[in-house]
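None of the figures in this text is laboratory data; all of them are computed from the coordinates on show. Computed from a predicted structure; not experimentally measured. Glycine also receives a Cβ, built like all others from the backbone with ideal geometry; neighbour counts cover every protein chain displayed.
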Amino acid sequence: MVGGILEATEQRAGTNGHGPVTNGDAAGLRQAARDHVWVHTVPWGDVSAEPGLHIFDRGEGSTLWDVEGREYIDGLAGLWVVNAGHGRAEIAEAMGTQAARLAYASSASFTTGPAIRLADRLAELTPGDLNRVFFCSGGSEAVETAIKIAKQVQAMRGFPRRYKIIARRGSYHGMTYGAMSLTAMRNEAWFGPFMYGVSHVSHPNRYRSDFGVEGEQADVMAARAVEQEIESQGPETVAAVIGEPISSAAGLHVPSPVYWTMLREICDRHGVLLIADEVINGFGRTGKLFATEHFGFVPDIMTMAKGLSSGYAPIAAAVVRDEVFEIFKEQGTVAMGHLLTFGGHAAAAAAALANIEIMEREGLAQQSAEKGAYLKARLEELRAHPSVGDVRGLGLYCALDLVANKETRAKLGKDSGFAKRLNALVLERGLVTRVWDVMHFAPPLVISKPEIDRMVTIADEALTIAEREHGSEIAG
Ligand SMILES: Cc1ncc(COP(=O)(O)O)c(C=O)c1O
């Protein structure tokens, strides 16, 4: 760049017709965002229409303020991220101190004190012998890392033909290519073909089982479907099975422990590695530090991101069991064929360490369990609504299943007029969340009971209005 900041500013003013925007200039920010920011998942029509984007400015606990000063409850903790709550100066200070000392050192061949201390803490906190930590920057990278570890480990163990990965329909594992190949919401027309060797099986779902059965039987059938898929693909070709302990995108279904007991046993029997994706589930979201703890199983590889730093820094990890890493000890001249520049970033690791310290000191997983039970009981009251077919969840990780017909359990769906209106109505009333085929309630774990009550009141009011305005979409 020639001329430095002054010239860049003048160029910008020339190109855009306005000077550099400041945080206090809401209209200028909105215009600059329209001109230059490619906002994820939002179609251009929604960005360009009035009122357009919501631009957030600051946060404290479970509360967000936008640049116009409007206040919201963060009912989704960002994107299931800010578990320790907004405005934690302690985490910011830990990051700042580390960044001033050493923000970054090469992740190729080297590491740093904060990365080592964080790996040590994670080995202590994760269940069983999940003791070896490969750091990344986000959830998709953690999933990419997990599938690459599974494939390389199978090959190094003498099974180079074991390259297939089995995922569950309806699941989300990220949007980079490998992770997207496992994700059910992938657009074949734009991005296909996907990673070779991926197949999808039914998800455990006791409310709308693919097998036409109810209760635990639905979970048993879903576990058997995984074994059938391994057998039909040929066990000698399958590297790994991946699933979230409790699904998020697939509609927040909490399976019976028998599902995961069966999956662990099936994978062991067929020499297949089991990957638990705890990117959303982890760090207290479900009322335990890791959701696998509800089900009493130890995966071969666990992915984690989001709540690892509560969003204060982009950091993620794939953590593997001793017996998975063992092959790298046996073949001591072979390295994992994987490198991420920001893996183990020192300032991000310092943020994660400070976040974990807060989670432990304040018992945030326990708080999630207790407040989650309260939230779920309050949400049960909303079953009286004709559009609420089911209430599900564990910890501060709850959802309403929105139905067009309670008898048939037909979904209203995220593209329905009802769901879109409901989303707008809750936002107008100061609740940020996601209304797709289910309406999510996953606030920061520090939320207070009055704030939980407020979320439920807003949902109740918004459901009433949406049901009145979109009555033709709902039976009964
Ligand atoms: C279960 C799960 N895995 C992986 C990812 C991908 O994480 P990221 O968006 O940080 O890449 C997500 C994102 O929401 C997720 O929900």
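Here are some notes:
- Rh (Kirkwood; distinct C-alpha pairs) - the stretch 195-305, Å: 14.2
- Calculated FRET value between ASP268 and GLN366, using beta carbons and R₀ = 45 Å, to 0.05: 0.90
- Convex hull volume of the Cα atoms of the stretch 349-476, normalised per residue: 110 Å³.
- From least to most packed, judged by other beta carbons within 10 angstrom and beginning with the fewest, THR22, THR292 follow the order THR22, THR292.
- Net charge over other residues, Cβ less than 15 angstrom from the Cβ of ALA305 (K, R count +1; D, E count -1): -3
- Computed over the stretch 46-185, the ratio Rg/Rh where both radii use C-alpha atoms and Rh is Kirkwood: 1.04
- Positive-end extreme of charge dipole, the stretch 90-361 - chosen from HIS253, TYR177, ALA351 (charges on Cβ): TYR177
- Percent of C-alpha pairs per 20 Å bin in the chain, short distances first: 22, 55, 21, 1.
- Length gained when the stretch ALA92-ALA123 is fully extended (0.36 nm per residue, less Cα-Cα span): 8.8 nm
- Calculated mean residue ellipticity, 222 nm, the chain: -13000 deg cm²/dmol, from DSSP H runs (n ≥ 4) at -39500 (n - 2.57) each, averaged per residue and rounded to 500.
- Each part gets one Cα centre, and for the stretch 235-294 versus the stretch 32-73 those centres are 34 Å apart.
- Residues ASP46, ASP129, sorted so that the one with the fewest Cβ neighbours within 10 Å comes first: ASP46, ASP129
- Rg/Rh, computed from the Cα trace of the stretch 90-361 with Rh as the Kirkwood radius, has the value 0.97.
- Per-pair calculated FRET efficiency, R0 = 56 Å: ASP66 and ARG409 via Cβ, rounded to 0.05: 0.95
- 15 Å Cα cut-off, lysine pairs counted over the chain (separation 8 or more, or different chains): 6
- In this simple spin-label approximation, LYS449 and ARG101 carry label points 7 Å from Cα along the Cα→Cβ vector, and these lie 4.1 nm apart.
- Remark: THR333, THR303, THR145 ranked as THR333, THR145, THR303, counting other beta-carbon atoms within 10 Å and listing the fewest first.
- Taking label positions 7 Å along the Cα-Cβ direction at both PHE194 and THR457, the computed distance is 4.3 nm, reported to one decimal.
- Taking label positions 7 Å along the Cα-Cβ direction at both TYR374 and VAL213, the computed distance is 3.9 nm, reported to one decimal.
- Coordinate range of the alpha-carbon atoms in the stretch 313-415 per principal axis, descending: 62, 35, 27 Å.
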